[in-house]
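Below is one structure, written out as structure tokens; comments come after it.
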DNA sequence: CGGTCCCTTGAAAACGTTCAAATATAGTGG
DNA sequence: CCACTATATTTGAACGTTTTCAAGGGACCG
């Protein structure tokens, strides 16, 4: 994946961060990126990475573990905005404000690479490639946020959720046909805007159809085609 | 609003574009922005500004009129992604791709200021303020997209829609207590993920409560408090 | 004046939620 | 090692909101 030996020698974990933020930089640029990076964590399960209203000054790449972002609505119910796997960048939606607009919490043991945003933005003015990468990260998130906004059935949502997870694992070179999710049913429900009971029932139905195999947090995908067909309505790809 | 007399003398409409894209630039910078701007339109009602799959190379500020972006789902049903009033920037979600991921169509007579994105990004590397403004525009859209993703009732969605519209008019110095919307009930329904019949019924109920006054596309807000209360669940502010 | 598209209204049906309760799992301390 | 508790998950049944289907009215445009 990161076949840039020099960068790896330079600092293996920070090279990984550089990969998270963008590719194609020379050694000097990597060195400049490196000084912006701060390794933070580990965060324990349930520990907050940041809270709504905290001063925003950095974005972070997940190095290992899983996190979720969420807000609490007026009736105190949790709305999960997204899940963040290793390689994902968290905190982008805060850029337009001076404070984080949501909470972020670790779902298991989480390690981060934190980047000062003012500094990285300043660096970006001298590195067009980095600027473009940041633009793309931001723009991608706009599309991703719109994804679940549609008017979809519980089955379509769940299928899309599973396929998206699988794709994200695959894009990181991990096993994508069988994985262990870090989130509870309730987290999934809050993300998909369904009741936890509905999540449970849909998973049951998928298993009865022999499309998946579920055992607690372990999920195996048996009939990707069927799931893809359902998910297509949501994912449009 | 635009109290920069020089800029206005320089080119009134382009000064307006500069205002759309960002403030606080000196005369030289405005001149540089100016050469990037291309006035396009008018587009007639129903005419497309761009279509899904078109090559992406520019973003555009709406100068007058109203547009919507939408995608067509697998069953051929339209999903409205957003409405764009004068001053709004359209096309930001395309930055991560080389092609537009959605369609944009004029709802009435529309004029645009179009900016070459590669050029404006290049300029941004020399103008930190512009870069930051672009980052903020993008980040704002992430938040806005997440807005309607929640699990809200038809009443809450409609109230939020009306209040948001009112606020956007107000922020442009326009009448915000009574306005004429350019979109059909079906457009609103496709945006709020409701059936057109539901939109009709909710508006009826609001009018029966004397919260609003509706006559075709004309909408007057009578009890902003009641609407705000409902909308709060969605807008969180 | 006729046609088309938009909007409204009513009744029935569907889907997901809520409520209630049973079951299972992991962590804790005896 | 086992009981015990808190939390997570599953399941069933009733309920409610929104959708769907069907039809009627109304505005605008030629």
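The values are calculated or read from the model by the stated rules, or taken from the named source; none is laboratory data. Note that the structure is a prediction, hence the values are computed from the model and not measured. Cβ placement follows ideal geometry from the backbone for every residue including glycine, while neighbour counts extend to all protein chains displayed.
If the requirement is being away from DNA strand C (no atom under 12 Å from the Cβ), in contact with a helix residue (DSSP H, G or I) (Cβ under 9 Å, 6 or more places away or on another chain) and either closer than 24 Å to residue B:88 by Cα or not assigned by TED's automatic domain parsing to the domain that holds residue B:110 (or both), which of these qualifies: B:221, B:194? Walk me through how you get there before you give the answer.
Numbers: B:194 fails: away from DNA strand C (no atom under 12 Å from the Cβ).
The match here is B:221.
Quick check on residue A:174: is it assigned by TED's automatic domain parsing to the domain that holds residue A:231 and more than 9 Å from DNA strand D (Cβ to nearest atom)?
Details: assigned by TED's automatic domain parsing to the domain that holds residue A:231: yes; more than 9 Å from DNA strand D (Cβ to nearest atom): yes.
The answer is yes for residue A:174.
I need the full set of residues from region B:179-197 which are more than 16 Å from the chain's Cα centre (by Cα) and within 13 Å of another protein chain (Cβ to nearest Cβ), in order please.
B:189, B:193, B:194, B:195, B:196
If residue B:165 meets every condition in (1) within 16 Å of DNA strand D (Cβ to nearest atom); (2) more than 14 Å from chain A (Cβ to nearest Cβ); (3) closer than 26 Å to residue A:152 by Cβ; (4) touching a strand residue (DSSP E or B) at 6+ places or on another chain (Cβ under 8 Å) apart from one, which number is that one?
Result: residue B:165 passes all but (1).
Which ones in region B:1-36 are within 19 Å of the chain's Cα centre (by Cα) and at pLDDT 70 or above?
Those that are within 19 Å of the chain's Cα centre (by Cα) and at pLDDT 70 or above: none in region B:1-36.
State all residues of region B:192-212 that are over 16 Å from residue B:153 (Cβ atoms) and either touching a residue at least 24 places away in the same chain (Cβ under 8 Å) or buried (at least 20 other Cβ atoms within 10 Å of the Cβ) (or both); if no residue qualifies, say none.
B:212
Taking strands (runs of 3 or more DSSP E) that fall entirely within region A:57-146, which contain at least 1 residues that are in contact with a helix residue (DSSP H, G or I) (Cβ under 7 Å, 6 or more places away or on another chain), at the interface with chain B (Cβ under 8 Å from one of its Cβ atoms) and touching a residue at least 40 places away in the same chain (Cβ under 8 Å)? Can you show your working first?
Working: elements: A:58-64, A:67-72, A:78-84, A:103-106, A:110-116.
Fully inside region A:57-146 and qualifying: A:78-84.
Residue A:200 passes all but one of (1) part of a loop (DSSP other than H, G, I, E, B); (2) more than 14 Å from chain B (Cβ to nearest Cβ); which number fails?
Result: residue A:200 fails condition (1) only.
Mind checking whether some residue in region A:206-216 is under 24 Å from residue A:45 (Cα atoms) and either out of contact with any strand residue (DSSP E or B) (no Cβ under 9 Å at 6 or more places or on another chain) or at pLDDT 95 or above (or both)? Working first, answer last.
Taking region A:206-216 and keeping what is under 24 Å from residue A:45 (Cα atoms), we get A:214-216.
Now restrict to residues that are either out of contact with any strand residue (DSSP E or B) (no Cβ under 9 Å at 6 or more places or on another chain) or at pLDDT 95 or above (or both): A:215.
Yes - at least one qualifying residue is present in region A:206-216.
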